[in-house]
Amino acid sequence: MSELENLIGHLQMQNQQLQSLMMQKQSLMMQSKEIEKALEHVELATDDIYRSVGPILVKTSASDVKSQLGEEKEEIDIKVKTIESQEKRLKDKLKENQEKIQNMMPAGQGG
């Protein structure tokens, strides 16, 4: 396999990795929004509230739920930031490989 074919294969693999990262990021951002909405509802609660634990509801204090949701949101935000940095590195590598491929292509065949 030539170096050009190798680079093209690598570029395709990087594109797939980027798509996967973007899907993970989108999913985490949706979870974060759901937690924000739940926190808004918990803020309005004056008494104990019920939290779903598997197939049952458990009576819990609003402050405990706020704390748990806050921790979950913090973890998700950290994961999103990690994915964003991976995404940036991958985009930089993609750009670098695209430039290498364009420089290897004979004149008139570059896209």
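Here is the figure for region 51-82: residues that are under 28 Å from the mean Cα position of the chain (by Cα) and polar (S, T, N, Q) total 4.
Looking only at region 22-45, count every residue that is under 16 Å from the mean Cα position of the chain (by Cα) and without any contact (Cβ under 8 Å) to a residue 60 or more places away in the chain and tell me the total. Selection size over region 22-45: 12.
Checking each residue in region 43-58 for being under 16 Å from Leu69 (Cα atoms) and part of a strand (DSSP E or B) picks out Ile49, Tyr50, Arg51, Ser52, Val53, Val58. The residues in region 60-102 that are out of contact with any helix residue (DSSP H, G or I) (no Cβ under 8 Å at 6 or more places or on another chain) and in a helix (DSSP H, G or I) can be counted, and the count is 18. Remark: pairs (first residue in region 6-21, more than 15 Å from Glu96 (Cβ to Cβ) and of a type in the set (Gly, Ala, Ser); second residue part of a helix (DSSP H, G or I) and modelled with pLDDT of 90 or more; Cβ separation under 6 Å; 6+ apart in sequence or on different chains) are absent.
Here's the yes/no breakdown for (1) loosely packed, with under 11 Cβ neighbours inside 10 Å; (2) touching a helix residue (DSSP H, G or I) at 6+ places or on another chain (Cβ under 6 Å):
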| residue | (1), (2) |
| --- | --- |
| Leu4 | no, yes |
| Leu7 | no, yes |
| Leu28 | no, yes |
| Glu34 | no, no |
| Asp47 | yes, no |
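The values are calculated or read from the model by the stated rules, or taken from the named source; none is laboratory data. This is a predicted model, so every value here is computed, not measured. Because the Cβ atoms are built from the backbone with ideal geometry, glycine has one as well, and the counts that use them run over all protein chains shown.
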